[in-house]
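Asks: This is the structure I have questions about; it appears just below.
Read-outs: derived from the displayed coordinates by stated rules, not from any lab. These figures come from a predicted structure and were not determined experimentally. Virtual Cβ from ideal backbone geometry, glycine too; neighbours counted across all protein chains shown.
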């Protein structure tokens, strides 16, 4: 009982927990701040692991299963760390019409990963987005945090090979 | 003119046939109305033509089942799906979530010391899924139950032999 | 802050502008930013600085100019527009300001794409710097709320909105005035105002553009709404996928707070209102108002049955007004110019203008604002410039996953809420995807069903399992393995989902299927009976990468989605 | 018709009826208090309306869609469990159209997971199975999905078999609203949604579960069961629910 009621401690000494704490403080440590807090955790750590979910749930007095339910309901949150690079292929209607499926095919052929997966070496994660809102530039891809428009399978391959040569 | 009746055993435990035999003395009554022209209970090898009513027990699990049920559908006026295996795939369908390979490996390779390996001959090849027969051919009457009781089968059969459509939902259900 | 102080800011800003001889506006909305417009702006700024022209030449980052496919776009105060501008063009552009325009970069503005538009919501887009509140004020911004606070009763504000005939721009077209008046009459304190900026339609980017180009307009619309219904707290629920919009909204809120336009006792009145952002986290269903409310409350975004409607019992059980970005963006001009002025634009039942995002197989992709009642043909061929590469128009998809595909014989139909609904689609939030003969309509229907299946929240049975079953059938059709009974089953499921699903997502999920079945039935028949796809999209080759099966392995076609952990 | 004493959770204890609404259900006249739902009135008067997610004593979610009824003047079908009565309301609880929709919804539930009645602990005591028969279902004409779903038997007394779960969320609600532990919730979404305990850990390791067993007994199918029961032996006991609700309300 007392363990539950006393103030939860961050899982590690990591400074980034201060950011998370700040968000929770701003939201008055209320359960309604769960999603905002998870956004902060995801931004700070790149993903939500069990200890993070537990800490946030305890701090905001949200049942564990509800925190887990929320974290898995929204596609923006991930429970696993992403690769060093991320490649987000937009699958919005405009991009679909203009050849996004072919981009995915190319990715799958070259890297042998499906959307949502990371290459075994942890270098590249392939993600899909429902719509980046860059429909005028269809098909669009986000390389790390940079949006690229009118992407062809060839230009996609060029970009991927850059990642593979430089850093892996 | 007596009706021509057949019973068929696909992938099932034969429990539905046992339940059919539980008609007991009513079998004589049935025999007065219909000739049993094909059945695992009688010694006839070829499925004959012009069958009025066929009761089919079991799911469609193998290439042989598939071939059989398609052939039977062509030769039968009223095809009856008898029992949960033919209506829902039931227990034979429990392998569906795992895939054929895993199931065969478990049965023929893992934990087997003598000649491990899935037999390639004699045994008909399994289809990727064990399926209810109505997913493969058109079915006219459904009698769910595991097995349907003798009373249910009797009711359905007498109605069908009299040319009426039985109303079965009040008499039986999945798992009954 | 009062009207005089506001006017003072506007005057100061305008005087500063007058000192500038040339203004060079570089588009800094997401579309152009993704083609390196930041570099263009930096190059131009450096060029001006190097030549020591900072006094007379001003380089300004502005919002969306509309023609996203030609970006980066640059415009000058001399009304010259340039397309595909690169950093290397900076010197040439600066030279041209006092001479001849740069011919090779010229983007003509006397074409229908610009001429046929009527800008109300987008009036400041591409003109003002979205990160400076003074720029918005100089264009008459915040005058509507300051005026309303001093001269109008809340009831009068609502009555102006009612007179204007404004209807919800999020899709369903519910009369805005009626909604406001319901919330204002509802018992309960506090009341909330929510702005739905969770633009989730795949193929729509109107709201993002408004937020990125003119965020203060949305804040002012919300302020007016809050005053009208008696709310003291507001939330903007914005997609986390829109980082730039979020950044500009945060800036805008901070600036408005600093000037006392947000906060307590605004303009010295008893009206207080604060706005907070809530970030969406990637769930289309959160566009549904009860799901959105659940999400703002920090819960899973699942809808609940209505009634009670949010107007009576919404956020935290309190009366809540929810409108979308474009609806709020229409409010300041209506209050400024009067409801009657607005009601003169558009058709009898659909007033005002609508912003559409044109995309797909069309020459001019980008953002356009047109009066209601314009025909689809005018939008596609005149404004949109028609279909590229001399191909033939096949269909236009409106309303996203909740909408439908309209064939060529609908082209002369006026664009308004009723006509679109009658034709089997919906206005939706404003995405318009144009398709030519290279698109297979069954494949398009499958694409939208895939979307609805993954976005289904899973609460109600018809939507959760029905979308799965429909997607399975559509996959079979596009794999050329489906049979006639599959088609019958598909129609049954359309009817079931429409009539029994809990929320709008499930109820409208069949629309893309129903509309393509109606207008392109022969394509379905060709797939099922002749095993042919005229567009060459379906069949042997894998598309979308989501099919594990090959056509010859019919029995494998059923996907096995992992449920177990 | 006599008004009932049962009060839905989530609604305030009712003041003496200030006004009474009269309505018609299937052509017969009834009266009800304004806070009552169509289902309340139907239940008091022994009119059958099918439903699976609803359970007396728990809050209503309107999720299974089986209780949809036709109301004159409304172009939409309305869920009886959450739709309040109003004066002059005319309700039709059954029609060929409603019957067809209800059958399809039950069929969809059967296709969603692996419901093998013949080997289920709840065979013969299952709300889904019973409802299917009641609605005249003899087979499922939509293809089955055959998902791979797991069974968690880590709890010392109980088992959850996800093959049988229909996501009615009764377990989630009873644990939250009655027991107050909120061990259960739903994870994921759409067809991949699933009930979980805590952070999707083994039930037996749950720090929050009080092992009270309420979830097991409100579960409509064989998804939640007590250990030690063979096929068809798991009978659910739900009499505690209205009692607990009543006692809780009398304390307030």
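Asks: Taking the Cα atoms of the range C:3-109, what is the range of coordinates along each of the three principal axes, in descending order and whole Å?
Replies: 45, 29, 23
Asks: Nearest 5 percent is fine: what portion of the DSSP beta bridges confined to the range C:3-109 is antiparallel? Please list the in-between numbers first.
Replies: On the way: 6 of 12 bridges.
Antiparallel bridges make up about 50 percent of those DSSP assigns within the range C:3-109.
Asks: A further question on this structure: What fraction of the Cα pairs in the range D:120-251, stated in percent, has a spacing above 20 angstrom? Provide the component values of the computation, followed by the final result.
Replies: Details: 4152 of 8646 pairs.
Across the range D:120-251, Cα pairs with separations above 20 Å total 48 percent.
Asks: Counting only Cα, what are the radius of gyration and maximum Cα-Cα distance Dmax of chain D, in Å?
Replies: When restricted to Cα atoms, chain D yields Rg and Dmax of 19.0, 54 Å.
Asks: Express in whole angstrom the spacing between the alpha-carbon centres of the range C:98-136 and the range D:56-85.
Replies: Using only Cα atoms, the two centres lie 52 Å from each other.
Asks: Tell me, how many Å apart are the Cα centres for the range D:29-50 and for the range A:3-75?
Replies: Result: 44 Å between the Cα centres.
Asks: Sorting check: for D:57-67, B:160-170, C:297-307, which peptide has the highest mean count of neighbouring beta carbons within 10 Å, and how do the rest follow? Write out the running numbers ahead of the final one.
Replies: Values: D:57-67: 24.4, B:160-170: 14.4, C:297-307: 21.5.
Taking the mean over residues of other Cβ atoms within 10 Å, the ranking is D:57-67, C:297-307, B:160-170.
Asks: Also: Using a 10 Å cut-off on Cβ to Cβ distances, tally the other chain neighbours for every residue of C:480-489 and report the average as a whole number.
Replies: Going residue by residue through C:480-489 and averaging, the value is 1.
Asks: Would you mind giving the average projected area, over all directions, of the Cα convex hull of chain B in nm² with one decimal? List each step's numbers first, then the result.
Replies: Working: hull surface 43.6 nm².
Over all viewing directions, chain B projects a mean Cα-hull area of 10.9 nm².
Asks: From Cα pairs below 8 angstrom and at least 6 apart in sequence, can you work out the relative contact order of the range D:120-251, rounded to a whole percent? Walk me through the numbers on the way to the answer.
Replies: Details: 187 pairs, mean separation 44.0, N = 132.
Averaging sequence separation for qualifying contacts and normalising by length gives 33 percent for the range D:120-251.
Asks: Ok, one more. Can you tell me how the range A:2-73 classifies by the Cα gyration tensor, rounded, prolate or oblate, using a/c under 1.5 as the rounded cut? Let's see the in-between values first.
Replies: Working: a/c = 1.25, a/b = 1.04, b/c = 1.20.
It comes out rounded by the Cα gyration axes.
Asks: Can you check what the Kirkwood hydrodynamic radius comes to for the range C:353-436, Cα pairs only, in Å to one decimal?
Replies: Details: mean 1/r = 0.0816 Å⁻¹.
Hydrodynamic radius (Kirkwood, Cα pairs) of the range C:353-436 is 12.2 Å.
Asks: With angles folded into 0 to 90 degrees, how steeply does helix C:215-229 sit against the dominant principal axis of chain C? Use alpha carbons for both and round to 10.
Replies: So the inclination is approximately 90 degrees.
Asks: For helix C:484-500, what angle does its Cα long axis make with the longest principal axis of chain C, in degrees from 0 to 90 and rounded to 10?
Replies: Long axis of C:484-500 versus the principal axis of chain C: about 40 degrees.
Asks: Mind checking D:124-133 for the average number of partner chain beta-carbons within 10 Å of each residue's beta-carbon?
Replies: Values: counts 3, 0, 3, 0, 1, 4, 1, 0, 5, 10.
The shielding value for this peptide is 3.
Asks: Size of the protein assembly as shown along its principal axes in angstrom, Cα-based, largest extent first?
Replies: Projected onto the principal axes, the Cα atoms of the protein assembly as shown cover 111, 71, 64 Å.
Asks: I would also like to ask the following. Find the Rg to Rh ratio for the range C:217-262, where Rh is the Kirkwood radius over alpha-carbon pairs and Rg uses the same atoms.
Replies: Working: Rg = 11.3 Å, Rh = 11.4 Å.
Ratio value, two decimals: 0.99.
Asks: Something else: How would chain C be classified by its alpha-carbon gyration tensor: rounded, prolate or oblate, with rounded meaning a/c under 1.5 and the a/b versus b/c comparison settling the rest? Please report the intermediate quantities before stating the final value.
Replies: Numbers: a/c = 2.04, a/b = 1.32, b/c = 1.55.
The shape class here is oblate.
Asks: Provide, for q = 0.12, 0.18, 0.24 Å⁻¹, the log10 of I(q)/I(0) from a solvent-free Debye sum over equal Cα point scatterers in the range D:21-94.
Replies: Result of the Debye calculation: -0.26, -0.62, -1.13.
Asks: Let me ask you something else. Could you give me D for chain A, from Stokes-Einstein at 25 °C and 0.890 mPa s, where the hydrodynamic radius is the Kirkwood radius over C-alpha pairs? Units µm² s⁻¹, please. Present the calculation step by step, with values, prior to reporting the outcome.
Replies: On the way: Rh = 17.7 Å.
Answer from the Stokes-Einstein relation: 139 µm²/s.
Asks: In addition: May I ask you to compute the full-extension gain from residue C:14 to residue C:531, defined as 0.36 nm times their residue separation minus their alpha-carbon distance, rounded to one decimal in nm? Provide the component values of the computation, followed by the final result.
Replies: On the way: separation 517, 0.36 × 517 = 186.12 nm, distance 6.65 nm.
Extending this stretch completely gives an extra 179.5 nm.
Asks: Under the rule of -39500 (n - 2.57) per DSSP H run of 4 or more residues, summed and divided by the residues of chain A, what mean residue ellipticity at 222 nm is obtained, to the nearest 500 deg cm²/dmol?
Replies: Values: 8 runs with 80 residues, N = 168.
Theoretical 222 nm ellipticity from helices: -14000 deg cm²/dmol.
Asks: Relative to the first principal axis of the alpha-carbon coordinates of chain C, what is the inclination of helix C:243-258, with its axis defined by its Cα atoms, in degrees from 0 to 90 and to the nearest 10?
Replies: Once rounded, one gets 40 degrees.
Asks: Could you work out [θ]222 nm for chain B from helices alone, using -39500 (n - 2.57) per DSSP H run of at least four and dividing by all its residues? Round to the nearest 500 deg cm²/dmol. Walk me through the intermediate numbers first.
Replies: Working: 6 runs with 54 residues, N = 176.
That calculation yields -8500 deg cm²/dmol at 222 nm.
Asks: Cα gyration tensor of the range C:160-276, axes a ≥ b ≥ c as square roots of the eigenvalues: rounded (a/c below 1.5), prolate (a/b > b/c) or oblate?
Replies: Numbers: a/c = 1.94, a/b = 1.12, b/c = 1.74.
Here the range C:160-276 falls in the oblate category.
Asks: Between residue D:150 and residue C:98, take the C-beta separation as r, use R0 = 56 Å, and let me know the FRET efficiency to the nearest 0.05.
Replies: Values: r = 74 Å, r/R0 = 1.33.
With a Förster radius of 56 Å, E is 0.15.
Asks: Related question: Can you tell me, using C-alpha contacts under 8 Å and at least 6 residues apart, the relative contact order of chain B as a whole percent?
Replies: Details: 327 pairs, mean separation 46.2, N = 176.
Contact order relative to length: 26 percent.
Asks: Ordered by packing density, taken as the mean number of other Cβ atoms within 10 Å over each peptide's residues, highest first, how do C:23-36, C:242-255 rank? Walk me through the numbers on the way to the answer.
Replies: On the way: C:23-36: 25.9, C:242-255: 19.0.
Highest mean packing first, the order is C:23-36, C:242-255.
Asks: I've got another one for you. Looking at the range C:286-384, what % of the alpha carbon pairs are farther apart than 20 Å? List each step's numbers first, then the result.
Replies: On the way: 2773 of 4851 pairs.
Above the 20 Å cut-off, the range C:286-384 has 57 percent of its Cα pairs.
Asks: Would you please put A:29-38, D:201-210 in order of how densely packed they are, using the mean number of other Cβ atoms within 10 angstrom per residue and starting with the highest?
Replies: Working: A:29-38: 20.4, D:201-210: 16.2.
The most tightly packed comes first, giving A:29-38, D:201-210.
Asks: Please work out the Cα center distance from the range C:245-302 to the range B:57-118, rounded to the nearest Å.
Replies: The two parts, judged by their Cα centres, are 58 Å apart.
Asks: Right, next: How far apart, in nm, are two points set 7 Å out from the Cα along the Cα-to-Cβ line at residue D:246 and at residue D:97?
Replies: 4.0 nm
Asks: Oh, and also: Using a 10 Å cut-off on Cβ to Cβ distances, tally the other chain neighbours for every residue of C:214-224 and report the average as a whole number. Walk me through the numbers before you get to the answer.
Replies: Values: counts 0, 0, 0, 0, 0, 0, 0, 0, 0, 0, 0.
Mean number of neighbouring Cβ atoms from other chains: 0.
Asks: In deg cm²/dmol and to the nearest 500, what is the mean residue ellipticity at 222 nm of chain C if only DSSP H runs of at least 4 residues count, each as -39500 (n - 2.57), divided by the residue total?
Replies: On the way: 22 runs with 225 residues, N = 565.
About -12000 deg cm²/dmol.
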